[in-house]
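The values are calculated or read from the model by the stated rules, or taken from the named source; none is laboratory data. Predicted, not measured: the structure shown is a model, and the values here were computed from it. For neighbour counting, all protein chains shown are included, and Cβ atoms are generated from backbone atoms with ideal geometry for every residue, glycine included.
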């Protein structure tokens, strides 16, 4: 009998997750009931937000229960169907989780077309990361030609999109990334104006040189020392979409030392800075607007995408650990089948 | 010969200002040149932002130079005029500074009418504090009936207006103020739903009880321990207009201990909180919209104003010191002539 492999959450991590926080279960492939379909997973997306789901803490989404399947965006092929909306053989986008198969109804399932973009792109530039970048800029960053944008994790899936959309809109784009190879990619392949190595001891001074007119948009997805280097360079009336704070995700307690709170609010006041957190699904109703703007940019070759592909569902835990350490280079996806 | 008294900045304070940071000069009353007028000051407004002008630091306004006249909003009566736009005998609103007289041109001078509101109100509810409250709510707070707003310094000039505008729009309003007398005033006279004493050791627990549905708008004008009590109660999609951080104005160095920065950004992200600093003059083009909405509220008796009046220009330094300590009760104004 054919079986399905699924990663379930075994224990909640304290600090950084370790492989023994998960356990790989093997079960029979499910059977579709009325109105349901079953898909085999072709691509599983691995993203930093998954760390948050492993905590038993109130957040914008429910945590994964102990023993429950890890969540994740997937593209799959339908292998059995009892719903006419999702026929056998079609390719579908769904939050199928860390598994070789999933069962669902048509609700929340989207048929995708591999002739528009490659299937893996539906969990990348056309999916959550691309929509995140577009929605955060469209609704909060509000880029204006001639302004300067800084984005950290610049070669990650969201940073890649943020920078390229901003370049297409006529901004000066400065990336921050981990290492010379990623920085070269950001400048040479993505067309960023500059990219700084976050491990460079002179990063703060070099950042200042790289933004001679200050920073109008800081795309926050990391926090920590990079934030502290960026913040004093923020211009009056600058905007800061808060999309992630990956450097804090594994933190077990609040740091001590200098309390940045007062300085942050003082600067927000005197510089009239806008800071706003968002989750991509807040703007779900704008998805077709995103597609209409974005697909032509892809088809004109203005969007360059790099994927970091791991093989097999077995690689999911280490892939997430790597992503949280910044060890991926490009959008992390797992080729499952 | 009649003379004019003026407070000039003598030295920049380190921490809290002391009376010897200023010096009272006595000079001849100025004479109007072509296109100028001279006014005697009737009312001088004393406001927390003046502390910032005493620093030699880049902010949203130039600092007062050493030896220069302290800035401040004034209402006066014109005693000499060589400009037809500002006739002798008219009442005018201007930034005349800490002085018994000023000389200016028509530019930036506004004729005011004591039949609409009392003259002192033009530096209060109809002036900078009233416009600040209205503009911050209109543009950032965006109150919706049924929501909950929390405002600290609740009986101060801005807090008073913020709370009353929010009540008029159908919100639950909870104030925080210094002492039982101010809290009684907020509830009994201003119509707030609740008011907490910021010196109450149980303030944090009582605040939680006072906002059973969480906080949708926190009007930030203080920072410090009140912010720390409020912040965990912020709702998803809540808004925080940052209007002032008075508890930091006298700070000489960043505090240490717990670093609130990471928690702030984490919450901004997961709760999608909007934080935005503003200065009233950012919205100057909305002044007539403010007047059109606000004057009817005043005339219908829906806006209650309390002034804390000191006598004579000599009282200006101590008045500012008191305001920075929260020792005023109501809008601090000085009756100069």
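Restricting B:313, B:303 to residues that are touching a helix residue (DSSP H, G or I) at 6+ places or on another chain (Cβ under 7 Å), more than 22 Å from residue A:262 (Cβ to Cβ) and crowded, with 20+ Cβ neighbours inside 10 Å narrows the list to B:303.
Quick one: which residue in A:64, A:92, A:75, A:88 is over 22 Å from residue A:308 (Cα atoms) and either touching a helix residue (DSSP H, G or I) at 6+ places or on another chain (Cβ under 8 Å) or buried (at least 21 other Cβ atoms within 10 Å of the Cβ) (or both)? First the steps, then the outcome.
Values: A:92 fails: over 22 Å from residue A:308 (Cα atoms); A:75 fails: over 22 Å from residue A:308 (Cα atoms); A:88 fails: either touching a helix residue (DSSP H, G or I) at 6+ places or on another chain (Cβ under 8 Å) or buried (at least 21 other Cβ atoms within 10 Å of the Cβ) (or both).
Step by step, each of A:64, A:92, A:75, A:88 is checked, and only A:64 is over 22 Å from residue A:308 (Cα atoms) and either touching a helix residue (DSSP H, G or I) at 6+ places or on another chain (Cβ under 8 Å) or buried (at least 21 other Cβ atoms within 10 Å of the Cβ) (or both).
Examine segment A:128-140 for a residue that is over 20 Å from the mean Cα position of the chain (by Cα) and surrounded by fewer than 21 Cβ atoms within 10 Å (Cβ to Cβ), and state whether such a residue exists. Scanning segment A:128-140, I find no residue that is over 20 Å from the mean Cα position of the chain (by Cα) and surrounded by fewer than 21 Cβ atoms within 10 Å (Cβ to Cβ), so the answer is no. When residue A:43 is tested against (1) crowded, with 19+ Cβ neighbours inside 10 Å; (2) out of contact with any strand residue (DSSP E or B) (no Cβ under 7 Å at 6 or more places or on another chain), exactly one condition is not met: (2).
Yes/no matrix, rows are residues, columns are (1) over 23 Å from residue B:319 (Cβ atoms); (2) part of a loop (DSSP other than H, G, I, E, B):
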residue: B:145; (1), (2): yes, yes
residue: B:150; (1), (2): yes, no
residue: B:155; (1), (2): no, yes
residue: B:185; (1), (2): no, no
residue: B:209; (1), (2): yes, no
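With respect to residue B:35, is the statement that it is at pLDDT 95 or above, closer than 27 Å to residue A:271 by Cα and in contact with a strand residue (DSSP E or B) (Cβ under 6 Å, 6 or more places away or on another chain) true? Against the criterion (at pLDDT 95 or above, closer than 27 Å to residue A:271 by Cα and in contact with a strand residue (DSSP E or B) (Cβ under 6 Å, 6 or more places away or on another chain)), residue B:35 does not qualify.
With respect to (1) within 30 Å of residue B:263 (Cβ to Cβ); (2) loosely packed, with under 14 Cβ neighbours inside 10 Å; (3) in contact with a strand residue (DSSP E or B) (Cβ under 8 Å, 6 or more places away or on another chain), the lone exception for residue A:57 is condition (3). Within segment A:190-199, at least one residue is at pLDDT below 95, under 14 Å from residue A:326 (Cβ atoms) and assigned to a loop (DSSP other than H, G, I, E, B).
Among residues belonging to segment B:207-238 that are surrounded by fewer than 17 Cβ atoms within 10 Å (Cβ to Cβ) and either on the phi < 0 side of the Ramachandran plot or at pLDDT below 95 (or both), point out the one that is nearest to the chain's Cα centre (by Cα).
Quick first cut of segment B:207-238, residues surrounded by fewer than 17 Cβ atoms within 10 Å (Cβ to Cβ) only: B:208-209, B:212-214, B:225, B:228, B:232, B:236-237.
Narrowing the set further to residues that are either on the phi < 0 side of the Ramachandran plot or at pLDDT below 95 (or both) leaves B:208-209, B:212-213, B:225, B:228, B:232, B:236.
On the way: B:208: 27, B:209: 28, B:212: 29, B:213: 29, B:225: 20, B:228: 22, B:232: 26, B:236: 28 Å.
The qualifying residue nearest to the chain's Cα centre (by Cα) is B:225.
With respect to being buried (at least 22 other Cβ atoms within 10 Å of the Cβ), within 25 Å of residue B:98 (Cβ to Cβ) and away from every other protein chain (no Cβ under 14 Å), residue B:320 fits the description. When residues in segment B:268-289 are screened for being more than 8 Å from every other protein chain (Cβ to nearest Cβ) and surrounded by fewer than 20 Cβ atoms within 10 Å (Cβ to Cβ), 8 of them pass. Residues in segment B:242-258: is at least one modelled with pLDDT of 90 or more and assigned by TED's automatic domain parsing to the domain that holds residue B:140? Checking segment B:242-258: at least one residue is modelled with pLDDT of 90 or more and assigned by TED's automatic domain parsing to the domain that holds residue B:140.
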